[in-house]
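All remarks here apply to the structure that follows.
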Amino acid sequence: MKKITIPINKNTIENLTSGDAVLLSGTIYTARDAAHKRLVTAVKNKEKLPFTLNNAVIYYVGPTPAKPNMIIGAAGPTTASRMDTYAKILIPLGLKIMIGKGQRNDSVKNLIVRHKGLYLVATGGIAAVLTKTVKKCELIAYPDLGPEAIYRLEVEDFPAIVAYDSHGGDLFKTGINKYQKNIPSD
Amino acid sequence: MRYLDLKTVSDTVRELLIDCAVKADRHLTERIKTALNDETSPLGKTVLKQIVENHETALRDGIPLCQDTGQAVVFMEIGSEVAFTGDLNGAVNHGVKSAYADAFLRKSIVGDPLKRINTGDNTPAVIHLKIVPGEKVKITVVPKGGGAENMSALKMLSPADGETGIVKFVLDTINKAGGKACPPLIVGIGIGGNFEKAPLLAKEALLRDLTDVSPFPHIKALEEKLLNKINDTGIGPMGYGGLVTALAVKINTYPCHIASLPVAVNLQCHVLRHKTKII
């Protein structure tokens with residue numbers, strides 16, 4: 001288990017390979033479908049973004065509302081591929097790490113290699129456990145989107161796995177090939 | 001005739017949904033623990049252990065198992081001897097609204113699918129009504145998450161495609177879903193009926209007891225065959241590679257047209273949530 005602190009430097013990124021388990025600490029931003037649509041519209045209109053994209057970490061999550069005395073509600077990853085079309089625009093602008101679940105398309109995978117980034121995956125459906133790693137949560141943009149608003153989170157030892165690394169490594173491909181017993185018919 | 005106050009319906013829907021958010025299916029934790037013995041992939045084992053820990057944490061601390069607390073799907077079997085006055089759908093939606101507000105669950109419904117403005121209270125529910133003999137009302141709630149629902153599929157096969165065609169379509173659906181639908185999955189399959197009946201059969205199959213098998217020997221055999229083939233895909237927990245891709249396959253069938261063989265696959269992520277109460 002490798003401990004990773006954000007901001008993350010180039011060396012650290014290049015030393016990580018797909019399948020590595022990491023514990024992530026530092027500042028990350030939440031954003032999912034509706035927030036991405038607004039971010040990309042803001043980029044197209046040359047408007048100021050609610051946070052700096054350069055070296056940013058985006059966590060694809062829409063948390064449940066926090067109960068009184070809680071920092072945040074349940075907060076696990078959502079399916080990353082729905083954000084592929086937006087990531088294509090954000091990665092060249094500096095987005096460095098994305099956290100979500102599930103495989104993504106090849107163009108995102110290639111952009112991650114070209115811009116030396118990472119796609120991390122967290123286990124879906126373990127939100128009660130993951131929420132314990134969030135130490136601070138602040139609403140920073142789009143409150144009208146409810147669960148899809150953008151929050152700035154401080155996380156400590158958030159457990160994730162490197163899915164796509166900066167060298168083209170793909171956990172889904174290598175992992176599934178290793179355990180596959182039948183080859184799909186087509 | 002028995003008179004039923006619709007407030008009882010609202011209260012029951014509310015109670016069941018709140019319970020589901022923090023408490024998974026009663027057989028699920030045991031089933032995951034069995035899977036932990038079958039799994040050889042180290043990352044797969046890690047995921048399964050996290051799932052067991054999550055079941056304990058959610059229940060102990062009252063935190064939803066998953067941040068996607070779902071679209072509320074409500075099945076009602078209403079006895080023909082039951083009388084009520086008022087708006088039944090309204091009563092169900094009132095129960096949904098108060099559950100999601102009172103228990104701090106996520107409001108995940110947009111009113112118009114193209115304009116996409118959140119309704120703010122997780123209504124409306126998807127409601128399925130059936131009239132049955134008797135004077136009871138059976139209410140089942142399923143808070144269904146978006147990730148696995150998105151990877152579900154329907155195909156109108158030809159009768160000539162037969163069992164081979166069914167197996168191929170199911171495996172294609174599972175392979176396409178990969179890690180996106182949060183495996184290990186429970187796979188609900190509807191075979192027969194028509195274009196709208198097959199997906200409903202698939203969803204109803206997911207309501208079956210996690211430990212049961214089809215009462216029809218040839219369907220039971222197909223459930224077993226598909227479970228093995230799905231686990232042979234190597235997708236594994238969360239798609240990281242492994243031997244446990246599905247925990248169960250449930251097939252429900254219905255008569256169909258001489259020209260048709262509809263097949264629907266409704267994927268359920270490992271957070272299997274559904275609860276029933278008879279009032």
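All conditions in (1) surrounded by fewer than 16 Cβ atoms within 10 Å (Cβ to Cβ); (2) touching a strand residue (DSSP E or B) at 6+ places or on another chain (Cβ under 8 Å) hold for A:Pro50, with the sole exception of (1). From the list A:Lys67, A:Lys88, A:Lys44, the lone residue that is without any contact (Cβ under 8 Å) to a residue 60 or more places away in the chain and closer than 22 Å to A:Val113 by Cβ is A:Lys88. Checked against (1) surrounded by fewer than 18 Cβ atoms within 10 Å (Cβ to Cβ); (2) part of a loop (DSSP other than H, G, I, E, B); (3) in contact (Cβ under 8 Å) with a residue 60 or more places away in the chain; (4) under 16 Å from the mean Cα position of the chain (by Cα), B:Cys182 meets all criteria but (1). Of all positions in the stretch A:171-186, none carries a residue that is out of contact with any Asp or Glu (no Cβ under 7 Å at 6 or more places or on another chain) and more than 10 Å from chain B (Cβ to nearest Cβ). Among the criteria (1) in contact with a helix residue (DSSP H, G or I) (Cβ under 6 Å, 6 or more places away or on another chain); (2) within 14 Å of chain A (Cβ to nearest Cβ), the one B:Gly190 does not fulfil is (2).
Rundown of residues vs (1) out of contact with any Gly (no Cβ under 7 Å at 6 or more places or on another chain); (2) more than 29 Å from B:Asp212 (Cβ to Cβ); (3) assigned to a helix (DSSP H, G or I); (4) of a type in the set (Ser, Thr, Tyr), yes/no style:
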{"residue": "B:Arg26", "(1), (2), (3), (4)": "yes, no, no, no"}
{"residue": "B:Val52", "(1), (2), (3), (4)": "yes, no, yes, no"}
{"residue": "B:Ala58", "(1), (2), (3), (4)": "yes, no, yes, no"}
{"residue": "B:Thr69", "(1), (2), (3), (4)": "yes, no, no, yes"}
{"residue": "B:Gly90", "(1), (2), (3), (4)": "yes, yes, yes, no"}
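If you check B:Ala101, B:Ala21 for being touching a Leu at 6+ places or on another chain (Cβ under 7 Å) and not aromatic (Phe, Trp, Tyr), only one passes: B:Ala21. Of the residues making up the stretch B:14-52, those that are surrounded by fewer than 17 Cβ atoms within 10 Å (Cβ to Cβ), under 27 Å from A:Gly19 (Cα atoms), within 22 Å of the chain's Cα centre (by Cα) and not polar (S, T, N, Q) number 1. Taking the criterion of being in contact with a Leu (Cβ under 8 Å, 6 or more places away or on another chain), over 20 Å from B:Asp19 (Cβ atoms) and not acidic (Asp, Glu), the residues of the stretch B:129-160 that qualify are B:Leu129, B:Ala148, B:Met151, B:Ser152, B:Met156, B:Leu157, B:Ser158, B:Pro159. Among the residues that make up the stretch B:137-154, is at least one of them closer than 22 Å to B:Val82 by Cα, more than 16 Å from the chain's Cα centre (by Cα) and not in a helix (DSSP H, G or I)? Among the residues of the stretch B:137-154, at least one is closer than 22 Å to B:Val82 by Cα, more than 16 Å from the chain's Cα centre (by Cα) and not in a helix (DSSP H, G or I), which makes the answer yes. Against the criterion of being buried (at least 20 other Cβ atoms within 10 Å of the Cβ), within 18 Å of A:Val129 (Cβ to Cβ) and within 13 Å of chain A (Cβ to nearest Cβ), B:Arg60 does not qualify. Test B:Ala198 against the criterion of being within 27 Å of B:Arg26 (Cβ to Cβ) and among the small types (Gly, Ala, Ser), and give yes or no. The answer is no for B:Ala198.
The single residue among B:Gly134, B:Gly147 that is within 14 Å of another protein chain (Cβ to nearest Cβ), touching a residue at least 12 places away in the same chain (Cβ under 8 Å), closer than 30 Å to B:Ser98 by Cα and not hydrophobic (A, V, I, L, M, F, W, C) turns out to be B:Gly147. Taking the criterion of being without any contact (Cβ under 8 Å) to a residue 24 or more places away in the chain and either in a strand (DSSP E or B) or of a type in the set (Gly, Ala, Ser) (or both), the only residue of the stretch B:231-263 that qualifies is B:Gly234.
Restricted to the stretch B:29-46, and to residues there that are within 12 Å of chain A (Cβ to nearest Cβ) and of a type in the set (Gly, Ala, Ser), the residue that is nearest to A:Gly124 (Cα to Cα) is B:Gly44. Please verify whether B:Arg26 is closer than 30 Å to A:Thr174 by Cβ, charged (D, E, K, R) and more than 11 Å from chain A (Cβ to nearest Cβ), treating the condition exactly as stated. No, not satisfied. The combined condition, being crowded, with 24+ Cβ neighbours inside 10 Å, more than 10 Å from chain A (Cβ to nearest Cβ) and not hydroxyl-bearing (Ser, Thr, Tyr), is fulfilled by B:Ile251. Applying the selection to the stretch A:151-164, what residues are within 14 Å of another protein chain (Cβ to nearest Cβ) and crowded, with 16+ Cβ neighbours inside 10 Å? Across the stretch A:151-164, the qualifying residues are A:Tyr151, A:Leu153, A:Phe158, A:Pro159, A:Ala160, A:Ile161, A:Val162, A:Ala163, A:Tyr164.
Bear in mind these aren't lab numbers, they're just calculated from the coordinates by the rules spelled out. If you're wondering where the values come from, they're calculated on a predicted model, not measured in any experiment. Note that each Cβ is placed from the backbone with ideal geometry, even for glycine, and that neighbours are counted across all protein chains shown.
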